[in-house]
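Structure first, commentary second.
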Amino acid sequence: MIRRFQFLVLALCSILAGPAVAIGGGLAASDVEGAKAATCSEAAAHLERYVGTRLLRRGENKNKGHLYEGDLPKPLRILPPGSMATMDFSPNRLNVYLDDQGRITKIRCG
């Protein structure tokens, strides 16, 4: 019984503390600094300025003013229109929603 309680307390503490995420590479230095060691919700709020721009996928050349998939914090889920997604809520996961042209429509955690 005590072991279960200790496990629950530790699990709750890790959830409330939130994970540290770091991004780098093709983002501007201010973006890297703004999202470095942030919780998912803080990183999502900081990256909100990229809504309306194209998400550059792996294999594409990095372009200033756009987010590059490889620079985003993990865990990450990219959701193009009509894509299927599980309904589980993961507060540490960054969800990037795209339109038909690959432009970011919203950035959320969950």
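The values are calculated or read from the model by the stated rules, or taken from the named source; none is laboratory data. This structure is a prediction, so every number in the text was calculated from the model and none was measured. Reconstructed Cβ throughout: ideal geometry from the backbone, glycine too, with neighbour counts over all protein chains shown.
Structure values in brief
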| quantity | calculated |
| --- | --- |
| Hey, Pro91 under 13 Å from the mean Cα position of the chain (by Cα) and touching a residue at least 60 places away in the same chain (Cβ under 8 Å) or not | yes |
| Members of region 66-83 found to be small (Gly, Ala, Ser) and either over 16 Å from Ile107 (Cα atoms) or surrounded by 12 or more Cβ atoms within 10 Å (Cβ to Cβ) (or both), listed by number | Gly70, Gly82 |
| Hits in region 33-43 - residues which are of a type in the set (A, V, I, L, M, F, W, C) and in a loop (DSSP other than H, G, I, E, B) | Ala37 |
| Matching residues, region 65-83, being closer than 16 Å to Gly102 by Cα and part of a loop (DSSP other than H, G, I, E, B) | Gly65, His66, Leu72, Pro80, Pro81, Gly82, Ser83 |
| Lone unmet requirement of (1) surrounded by 10 or more Cβ atoms within 10 Å (Cβ to Cβ); (2) in contact (Cβ under 8 Å) with a residue 40 or more places away in the chain for Asp99 | (2) |
| Of all residues making up region 55-85, the number that are over 11 Å from the mean Cα position of the chain (by Cα) and modelled with pLDDT of 90 or more | 8 |
| Of the criteria (1) surrounded by 17 or more Cβ atoms within 10 Å (Cβ to Cβ); (2) of a type in the set (Ser, Thr, Tyr); (3) farther than 13 Å from Val51 by Cβ, which one Thr86 fails | (1) |
| Counted residues, region 44-59 - those being outside any helix (DSSP H, G or I) and exposed (fewer than 15 other Cβ atoms within 10 Å of the Cβ) | 6 |
